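All remarks here apply to the structure that follows.
The values are calculated or read from the model by the stated rules, or taken from the named source; none is laboratory data. Note that the coordinates shown come from a computational prediction; the quantities given were computed from them, not determined experimentally. Cβ: placed from backbone, ideal geometry, glycine included. Neighbour counts: every protein chain shown. These area figures cover heavy atoms from the full protein model, side chains too; ligands, DNA and RNA do not enter into them. Shrake-Rupley method; radii C 1.70, N 1.55, O 1.52, S 1.80 Å.
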Amino acid sequence: MNLSSAAETAALHPWNRSGDIAAAGLESWVQGRLARQSQLIDALLSVQGQKSLENTLRPYDDAVATLSAAGSLASLLDSVYPDKAVRDKARELTQVVAEAATALSLNQEVYRALAAMDMSLVDPATTHYVNQTLLNYRLAGVDKDDATRAHLRELSDKATELSLTFAKHVQENVNRVEVRDAAELDGLPADYIRNHPADEQGVITLTTDYPDMQPVMTFATNADLRLRMFRAYNTRAYPANRQLLLDLLAVRQEVASILGFASWADLATANQMMGSAANMKKFIGELEQASRAGAEREYEMVLAFARGQQPGLAALKSSDRGYWYEQYRRQAFDFDSQSVRPYFPYAAVEAGILETAARLFHVSFQRNQEAGVWHPQVSAWDVYDRGRLCGRFYLDMHPREGKDKWFSAAPLIPGIAGRQLPEVALICNFPGGKAEDPSRDRSHGRSDDRSHDPGLMQYSDVVTFFHEFGHLMHAILGGQQAWAGVSGIATEGDFVEVPSQMLEEFFHDARLLASFARQYQTGEPIPPELVERMNRASAFGRADGVRTQLFYTSYALDVHNLPPQTLDPDALLEQGYKRMMPYEWIDGNRMYASFTHLIGYSSNYYTYMFDKVIALDFFGQFDRSNLLEGPTAMRYRSAILEPGGSKPGTQLIEDFLGRE
Ligand SMILES: [Zn+2]
């Protein structure tokens, strides 16, 4: 379908060209989508005689695509829309769409129709789609009796409601740290201090939003300020989310039991590459062993260094970790991470990452000023593949009050070859964006107006941007499949973090960085020796980084693998932390209350570490001396990104690597 067709576009999105949405309009848009879905399912069920792809799978897939877009767009507006009334309506409608999707997933008549299709002479992608769909029906409990299916629906609807409320609390509850003595900000970058002036009472207020929090943890010399920020950040949405989490875990366990699984973690891995909770435990155990000695050594090195600066220091607390790592890297690797921030003003990084992806994957991006967006900070971009329009993305990259607090890529509309173009949004919280001026100079991200915040990013922010853009390219280039159900990032869930983490690796290339990372006042490109020092310094702490991921991974598994009736999320957090991390535990850490991955990934946080292994293996195929121009990128595009979810993950891996 052509995106420029105004009538069709109006039906695709709940907003008009000006981006305005009212709660009532959103409601009628979603109801329209639900009615369309019902029509499609009715048509499918009314087929007499032989079921075929055309008379059964096509309406089923269109129904899935309709529900998917309605749910994704409602969920997007819940995450980003400035008006709380619309956000609340969007959350309510996200629930309604999820309930419709659950009803469809337990519809026995639809299951029987799909199972009765003539599958002779069907291509492998379609066969894979149908097999996965039938498997997912069985995992949902479609073969249970009426009363059990009704109960499963109730439980699923309850889980959706608890999940949405948990996420809402994290999104809306920002904690604040008050600073009464400006000297407490010592060590922080000058532009950070300038952007946080004191009020009339002399109080400087810092929020737990990422661009406020992260620099404090990395740069503030004042240990007490870091501790206060740590506590503020790790008590977000507490205590409200503690009980919600326990309720959600109980519901999930009941679902798993009804379906014949020992735990939710077993159910949630049954259709994944991982296969079972036992395999996950084994994977965690192997990484735990492999990383232990390295992490202990790193800790001892940093502690010894810190004691040299502060004699008598007993141990490092969780809240000291970022700061002392930074100090150690300055001394051991002659690398001060503040020294690269001026090369990473937001606008130049955005332009540079788009340019990198365009060259790598042979596509082009055009800003679309006509497309409706939900906030003036948001930009819309059309993607062209060899001159052919092939999708659209939206960038919503800076914090706002009431907006989601994390970094994610959200597929909005699944692509269907020849019928519908894929759309995806990035929802991030990077520095900058306070002046909402779409005409800002993007040439080299220069800014002569010193009062304007250029949005200087830490290098880890730039890595995150590459990560999210990897998801985005997967959604667009994989979004050209014949069926919505296998379109874009619809691989097994535990393959999803491969394309994102693969693209992260490109950040370390000095030549690539120099193409866009220019000092925001002078325009000087980032010097190669600075990049080399940055790479060496950031490589220190890898074992510690693995342990941190393992701490999250184990926690996500344990809460979904232990009996929920006796589960104490606080005790489990403390035990898990002490098992994996060498730093002193900080009492009152309620990190689980804002750990939104427990909602979305449930037990499967292992996906990050599992996919990191695959991503690094993939990156090893690229020619390091010629990252952008060699043939590997296009081979990667066609073997990994373009198939979307039309093949099993293990097959994608073999297609690209020629081995397991
Ligand atoms: Zn990701």
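The residues of the stretch 1-136 have, on average, 43 Å² of accessible surface per residue, using a 1.4 Å probe with all protein chains present.
Using r as the Cβ-Cβ distance of residue 315 and residue 370, and R0 as 51 Å, what FRET efficiency do you calculate, to the nearest 0.05?
Values: r = 58 Å, r/R0 = 1.13.
FRET efficiency, residue 315 to residue 370: 0.30.
Solvent exposure of the stretch 458-546, expressed per residue, is 28 Å² of accessible area, with all protein chains present and a 1.4 angstrom probe. Counting only heavy atoms of the protein chains and using a 1.4 Å probe, residue 624 has close to 150 Å² of accessible surface. Rounded if a/c is under 1.5, else prolate if a/b beats b/c, else oblate: with a ≥ b ≥ c from the C-alpha gyration tensor eigenvalues square-rooted, which is the stretch 450-509? Prolate, because a/c is 1.5 or more and a/b exceeds b/c.
Give me the Kirkwood hydrodynamic radius of the stretch 280-356 in Å, from all C-alpha pairs, to one decimal place? Intermediate values should be presented prior to the final figure.
Working: mean 1/r = 0.0646 Å⁻¹.
Answer for the stretch 280-356: a Kirkwood hydrodynamic radius of 15.5 Å.
Here the Debye sum runs over all C-alpha atoms of the stretch 322-433 as equal scatterers in vacuum, and log10 of I(q)/I(0) at q = 0.18 Å⁻¹ comes out as -1.01.
If I compute solvent accessible area with a 1.4 Å probe over the protein chains, what percent of it on the stretch 542-660 is carbon and sulfur?
50
Report summary: the helix-based calculation at 222 nm, which adds -39500 (n - 2.57) for every DSSP H run with n ≥ 4 and divides by the residues of the chain, gives -17000 deg cm²/dmol. Ligands, DNA and RNA left out, the accessible area of the stretch 308-416 computed with a 1.4 Å probe is 46% carbon and sulfur.
For a Förster distance of 25 Å, can you work out the FRET efficiency between the beta-carbons of residue 406 and residue 585, rounded to the nearest 0.05? List each step's numbers first, then the result.
On the way: r = 24 Å, r/R0 = 0.96.
After rounding to 0.05, the efficiency reads 0.55.
Placing a pseudo-label 7 Å from each Cα along the Cα-to-Cβ vector at residue 529 and residue 654 gives an inter-label distance of 5.0 nm. Size of the chain from its Cα atoms: along the principal axes, largest to smallest, the extents are 82, 57, 56 Å. Once both labels are positioned 7 Å from their Cα atoms along Cα-to-Cβ, the gap between residue 48 and residue 223 label points is 8.3 nm. Rounded to the nearest 20, the Cβ-based charge dipole of the stretch 474-567 about its Cα centre (Lys and Arg +1, Asp and Glu -1) stands at 200 debye. In this structure the stretch 143-264 gives 44 Å² per residue of accessible area when probed at 1.4 Å with all protein chains present.
Note on residue 460 and residue 635: the model spin-label points, each 7 Å out from Cα along the C-beta direction, lie 3.5 nm apart.
At 18 Å minimum axial length over the Cα atoms and a Kyte-Doolittle cut of 0.5, report the qualifying DSSP H helices in the chain, or say none. Let's see the in-between values first.
Working: long enough: 23-45 (33 Å, 0.22); 58-80 (32 Å, 0.45); 84-105 (31 Å, -0.09); 124-140 (24 Å, -0.31); 146-172 (39 Å, -0.69); 240-258 (28 Å, 0.53); 277-309 (45 Å, -0.43); 346-361 (22 Å, 0.89); 459-477 (27 Å, 0.67); 542-559 (26 Å, -0.13).
Those that pass (Cα extent of 18 Å or more, hydropathy at least 0.5) are 240-258, 346-361, 459-477.
Solvent-accessible area of the stretch 122-207 (1.4 angstrom probe, protein heavy atoms only): carbon and sulfur portion equals 49 percent.
Computed over the Cα atoms of the stretch 24-100, pair by distinct pair, the Kirkwood hydrodynamic radius stands at 13.2 angstrom.
Take each of the peptides 419-427, 648-656, average the number of other beta-carbon atoms within 10 Å over its residues, and list them starting from the highest. Don't skip to the answer; put the middle values down first.
Values: 419-427: 23.0, 648-656: 16.9.
Top to bottom by mean Cβ count within 10 Å: 419-427, 648-656.
Rounded to the nearest 20 Debye, what is the dipole magnitude of the chain about its Cα centre when Lys and Arg each give +1 and Asp and Glu each give -1 at the C-beta?
In debye, rounded to 20, the chain gives about 340.
Each principal axis of the stretch 464-585 carries a Cα extent, and these read 59, 50, 23 Å when sorted largest first.
Provide the packing ranking of 156-167, 173-184, i.e. peptides ordered by the mean count of other C-beta atoms within 10 Å per residue, highest first. Present the calculation step by step, with values, prior to reporting the outcome.
Numbers: 156-167: 20.6, 173-184: 15.2.
Put in order of decreasing packing, that is 156-167, 173-184.
Let me know the shape class of the stretch 489-552, please: from the alpha-carbon gyration tensor, a ≥ b ≥ c as square roots of the eigenvalues, rounded when a/c is under 1.5, otherwise prolate if a/b is greater than b/c, or oblate. Could the numbers behind the result be given before it?
Values: a/c = 3.21, a/b = 1.64, b/c = 1.96.
Oblate shape, in that a/c is at least 1.5 and b/c is the bigger or equal ratio.
What length, rounded to one decimal in nm, is gained on full extension from residue 158 through to residue 195, with 0.36 nm per residue of separation minus their alpha-carbon distance? Could you put the intermediate results ahead of the total?
Values: separation 37, 0.36 × 37 = 13.32 nm, distance 4.28 nm.
Net length gain for the segment: 9.0 nm.
When the pairs 405/578; 51/647; 168/647; 51/144; 403/647; 84/158 are compared against a 30 Å limit on Cα-Cα distance, 168/647; 403/647 fall above it.
State the Kirkwood hydrodynamic radius of the stretch 248-384 in Å, one decimal place, computed from all pairs of distinct Cα atoms.
On the way: mean 1/r = 0.0473 Å⁻¹.
Radius from the Kirkwood sum: 21.1 Å.
Students often check this: by mean Cβ neighbours within 10 Å, which of 456-462, 637-643 ranks highest, and how do the rest follow? Provide the component values of the computation, followed by the final result.
On the way: 456-462: 21.9, 637-643: 19.7.
Highest mean packing first, the order is 456-462, 637-643.
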